[in-house]
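Notes follow the structure.
The values are calculated or read from the model by the stated rules, or taken from the named source; none is laboratory data. These figures come from a predicted structure and were not determined experimentally. For neighbour counting, all protein chains shown are included, and Cβ atoms are generated from backbone atoms with ideal geometry for every residue, glycine included.
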Amino acid sequence: MKSDTLHLSAVYTKMIFRSWFQYRVDAILRSFAVFAREATSIIVVYFTLLKFDTLNGWNIYEMLFLFSLVYVTYGILIIFFTGLRDFGSTVKNGSFDRYILRPRGLLYQLIFANADWFAAVGHGGLGILLFILSAAKIGVVWTPWSIVYYIFSIIGGVLIQGAIFLFLASLNIYLLETNSLKEVFYWNARKFAGYPISIFHKAIQFCMTFVVPFAFVNYFPAQFILRKEDMSLYPGIFMYLTPVLGIVMYILAYAFWRYSIKFYKSSGN
Amino acid sequence: MKISPYMAFAKKSFLQKSAYRLEHWMGILNTLIRLVIYVEIYRALYGGRETVDGITMSMVTTNFILSLGLESFFVVNDYYLSSRLYDGSIATEMLLPVSFHGRMLADNLGTAAFKLIFHFVPAMIVACLFIGIQAPAGPGMFGLFILSALLGYGVLWSISFLFQMFSFWLMNVWAVMTIKNVFINVLSGSMIPLWFMPGFMRTLIGFTPFESIYFTPVQIYLGKITGSEIILGFAKQIIWIVALLLLGFMVWQKGQKKIVVQGG
Amino acid sequence: MSFIEVQDISKTFKVNKRKAGIPGMIANMFAPKFEYKEAVKKISFNIEKGEMVGFIGPNGAGKSTTIKILSGILCPDEGKISVGGYIPYKQRKEYAADIGVVFGQKSQLQWDLPVIDSFELLKAIYRIPEDKYKKNLDRYTDMLDMNGFINQPVRQLSLGQRMRSDIVASLLHSPEIVFFDEPTIGVDIIGKETIRNFIKELNEKDKVTMIFTTHDMQDIEQTCNRLIIIDKGSIMYDGSLHEIRNKYGTSRELIAEFNEETRVQPINDVIIEDKEDRRVSFTFDNNVTDVNKLMHEILGKYSVRDITVKEPEIESIIQKMYTGEAFV
């Protein structure tokens with residue numbers, strides 16, 4: 001990054017924090033509400049496993065670990081991708097035109113001009129909490145290699161989800177409403193992801209692996225650490241693909257984004 | 001009290017819903033996906049067992065289909081009052097010769113009617129074809145189920161009504177509504193069938209309105225409760241609706257005073 | 001070559017066309033129907049550096065499409081466009097660095113933060129050197145009297161204050177050309193005056209080219225020397241305000257206030273109308289009737305207390321240009 005771009009990123013961040021700081025109490029309440037809403041699934045899993053002990057061989061701690069990857073990656077993701085998450089309304093209310101009128105990259109502005117810290121703290125906080133609760137209880141010895149692997153998987157998971165957000169944002173240029181598409185192709189996929197995909201019908205497993213590759217965000221990285229029995233159903237290499245997949249998906253999504261911007265300029269909104 | 005102005009509001013919200021066709025189809029898909037997730041999880045949990053604690057897999061499936069089905073058209077707008085307070089339109093709305101709450105209900109019912117026809121029915125057809133639902137425990141039970149479901153909507157709506165009335169004082173309505181919904185989701189049986197909740201939780205939930213939303217109707221449908229238990233179930237639903245609405249009205253009166261004093 | 005050259009620009013949009021109501025709604029779910037709308041049809045014009053041009057026309061006339069094409073947000077389907085040597089939609093980032101845009105209805109400022117914070121952010125976005133930033137900031141805030149509120153959050157400002165802030169925001173990087181879209185809408189009279197004077201001074205002293213789209217005829221009359229009227233995607237008129245008055249604005253209204261109730265004799269080529277309070281209006285064409293002769297005749301024949309002669313407002317002149325068409 002050129003130095004003035006770096007400087008601008010710093011100024012954007014400063015402004016975001018100033019804005020956020022205005023809220024104070026509200027910020028805490030909001031972050032907690034996000035935390036509570038996401039924790040709903042965890043609470044449900046907790047009570048369910050209280051009754052049933054294991055789900056396909058996964059106990060409560062392994063489940064928490066599996067979930068934690070979803071939330072940690074999202075917490076990081078939303079710091080950078082808030083602008084893309086909200087792209088639909090940005091286009092609708094005309095704010096996107098203002099970005100076009102500025103001498104800066106469009107995607108760059110969308111990424112750095114905004115960050116939903118409430119969501120970052122709510123999801124990220126939950127993810128970290130789940131990790132802390134489970135990391136010691138899953139019977140795993142953390143070696144330097146597994147720590148490095150874990151970090152790369154987090155980055156890969158962020159990129160995979162970022163690519164999905166970028167792709168859905170590009171679709172907003174063609175479709176009036178993509179909230180429902182987002183619901184299906186991101187949020188619902190994410191719901192499946194909290195559970196080991198081996199419990200689902202083969203068709204669902206296929207979707208989670210090849211259509212919306214959420215399984216690579218948490219299931220396969222978790223398997224690398226946990227090596228549960230149901231991993232034998234899948235090619236071993238899947239446990240290592242996450243970072244690669246993240247980069248490839250992001251590049252493809254970016255190409256589609258560029259194409260869509262051209263379309264926006266020729267058709268208005 | 002004339003019905004026709006309320007019909008107009010209901011019709012308007014019905015038509016507004018239709019404006020986004022893609023969103024609509026996706027909404028149905030959304031319901032079906034959630035249904036599939038819950039059913040698959042329980043299939044795995046049951047692991048081939050016929051029953052757990054006397055509950056068959058088919059009962060579990062039916063619980064989810066009915067809960068999510070009802071949820072799909074039990075429309076409440078948690079932000080009806082707060083959005084009008086925020087943009088000031090509450091002032092003009094209060095001047096209309098119709099009851100504000102009547103309008104609120106009519107608005108929700110319009111959307112609910114739309115979702116009933118265009119979301120619930122298609123989703124139910126697909127669910128019953130591909131997942132399979134248990135037949136009701138009898139034609140009489142089915143009728144009682146429908147009645148209880150209507151009351152269940154009343155309970156859900158009344159909870160939203162009460163919480164909305166606090167909008168006059170709340171800085172952050174969204175946070176409160178989100179947390180309220182967490183409780184509803186976890187405790188109403190739509191995510192965990194209440195049969196599987198630990199005993200103490202079950203007892204606790206019994207003191208809340210949450211089981212009266214979806215679970216009471218489902219229990220009636222499945223014939224899990226009979227005779228006097230059904231009457232008790234209905235009574236609880238009605239009592240909760242009345243209590244919540246009354247409380248809501250009291251809060252509303254206080255809120256009215258507040259805006260008059262502040263000058264809108 | 002002119003500073004702005006627009007040649008045969010055309011733009012057509014695809015619009016969803018389904019009737020409202022239940023049958024339309026069902027039809028739309030299964031078979032959506034589209035219609036093509038020609039927003040701009042082969043329009044051409046040239047603008048020199050330092051000109052102040054006003055674009056007016058009814059809603060849906062193609063004004064905002066033209067401005068979007070000029071500012072680089074939209075690309076035309078056909079035709080050529082060049083502004084200051086750039087092709088707006090092709091060289092977006094470089095072009096954006098040299099233009100300013102003010103949307104009267106939509107602020108570009110950070111809602112929750114003090115105005116000065118937004119300016120700081122723009123300084124970084126536009127890479128404005130510190131000395132230029134300080135110089136512009138001090139000059140503009142003085143001219144627009146903003147020191148009283150520059151540290152207040154934007155959401156606390158009055159519309160006039162916010163508009164002034166948005167205008168400064170668009171000028172901090174010393175752009176060569178500024179586009180104004182409804183810049184004084186909703187602003188009070190004094191605010192409008194301040195803004196118009198500021199704009200005029202900037203144009204005169206700094207030779208900033210300015211383009212306005214507005215419904216406020218007074219904005220145009222007081223600031224622009226050239227008027228382009230767009231209707232139904234085509235240019236109806238392109239010329240000076242002066243010319244419009246001469247060509248279409250030759251009617252005059254003389255109002256005489258008499259000392260007593262007076263029965264006025266008819267005069268050739270003059271429309272006479274009785275008004276209240278012993279006033280009578282005489283409407284005539286400046287080219288046909290000599291105002292001196294008319295006044296002479298009235299003063300000679302009757303006992304007059306007061307006389308005024310009114311020029312028509314641009315608004316009514318333009319309305320006359322389109323009998324039957326109403327401008328909002």
Apart from one, (1) under 23 Å from B:Ile41 (Cβ atoms); (2) more than 10 Å from every other protein chain (Cβ to nearest Cβ); (3) basic (Lys, Arg) all hold for A:Arg24; the odd one out is (1)
Determine the pairs where a residue that is more than 10 Å from chain B (Cβ to nearest Cβ), located within the range A:48-74, has a partner that is acidic (Asp, Glu) with Cβ atoms under 7 Å apart, the partner being 6 or more residues away or on another chain.
-> A:Tyr71/A:Glu38
If you go through the range C:129-142 one residue at a time, do you hit one that is in a loop (DSSP other than H, G, I, E, B) and within 13 Å of chain A (Cβ to nearest Cβ)?
-> yes
Evaluate the following for A:Gly88: is it touching a residue at least 24 places away in the same chain (Cβ under 8 Å) and within 18 Å of A:Val158 (Cα to Cα)?
-> no
Which listed residue, of C:Thr65, C:Thr141, is over 22 Å from C:Leu202 (Cβ atoms) and crowded, with 20+ Cβ neighbours inside 10 Å = C:Thr65
Looking only at the range A:148-165, decide whether some residue is facing chain B (nearest Cβ under 9 Å) and either touching a Gly at 6+ places or on another chain (Cβ under 8 Å) or more than 21 Å from A:Val45 (Cβ to Cβ) (or both).
-> no
Consider A:Gly127 carefully, then state whether it is under 14 Å from the mean Cα position of the chain (by Cα) and more than 9 Å from every other protein chain (Cβ to nearest Cβ).
-> yes
Helices (runs of 4 or more DSSP H) wholly inside the range B:46-161 containing at least 3 residues that are more than 22 Å from B:Ser190 (Cα to Cα) and either among the polar types (S, T, N, Q) or modelled with pLDDT of 90 or more (or both) = B:80-86, B:100-115
Does B:Ala175 count as surrounded by 15 or more Cβ atoms within 10 Å (Cβ to Cβ), over 17 Å from the mean Cα position of the chain (by Cα) and of a type in the set (Gly, Ala, Ser)?
-> yes
What are the pairs, 6+ residues apart or on separate chains, where a residue within the range C:170-198 that is over 21 Å from C:Asp138 (Cα atoms) has its Cβ under 6 Å from a residue that is part of a strand (DSSP E or B) and among the hydroxyl-bearing types (Ser, Thr, Tyr)?
-> C:Asp181/C:Thr213
Index of the failed condition, A:Ile251 passing every other in (1) within 14 Å of another protein chain (Cβ to nearest Cβ); (2) exposed (fewer than 13 other Cβ atoms within 10 Å of the Cβ); (3) not charged (D, E, K, R) = (1)
Please find, among B:Ala106, B:Ala127, the residue that is crowded, with 17+ Cβ neighbours inside 10 Å and within 23 Å of B:Thr62 (Cα to Cα).
-> B:Ala127
Pick from A:Ile128, A:Ile76: which is surrounded by fewer than 23 Cβ atoms within 10 Å (Cβ to Cβ), within 24 Å of A:Asn172 (Cβ to Cβ) and at pLDDT 95 or above?
-> A:Ile76
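This table checks each residue for (1) over 30 Å from A:Ile60 (Cα atoms); (2) out of contact with any Phe, Trp or Tyr (no Cβ under 9 Å at 6 or more places or on another chain).
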{"site": "B:Leu45", "(1), (2)": "no, no"}
{"site": "B:Gly48", "(1), (2)": "no, yes"}
{"site": "B:Met59", "(1), (2)": "no, no"}
{"site": "B:Asp87", "(1), (2)": "yes, yes"}
{"site": "B:Leu95", "(1), (2)": "yes, yes"}
{"site": "B:Leu105", "(1), (2)": "yes, no"}
{"site": "B:His119", "(1), (2)": "yes, no"}
Enumerate the pairs (first residue in the range C:254-268 and more than 19 Å from C:Lys310 (Cα to Cα) and touching a residue at least 40 places away in the same chain (Cβ under 8 Å); second residue anywhere and in a strand (DSSP E or B) and among the charged types (D, E, K, R)) with beta-carbon separation below 7 Å, excluding pairs fewer than 6 apart on the same chain, so at least 6 apart or on different chains.
-> C:Asn259/C:Arg305
Note: among C:Arg155, C:Arg162, just one is more than 16 Å from the chain's Cα centre (by Cα) and at pLDDT 90 or above, namely C:Arg162
Please enumerate the residues belonging to the range C:291-305 that are over 40 Å from the mean Cα position of the chain (by Cα) and either without any contact (Cβ under 8 Å) to a residue 12 or more places away in the chain or part of a helix (DSSP H, G or I) (or both).
-> C:Glu297, C:Leu299, C:Gly300, C:Lys301
Looking only at the range A:229-239, count how many residues are buried (at least 16 other Cβ atoms within 10 Å of the Cβ) and either part of a helix (DSSP H, G or I) or touching a Gly at 6+ places or on another chain (Cβ under 6 Å) (or both).
-> 3
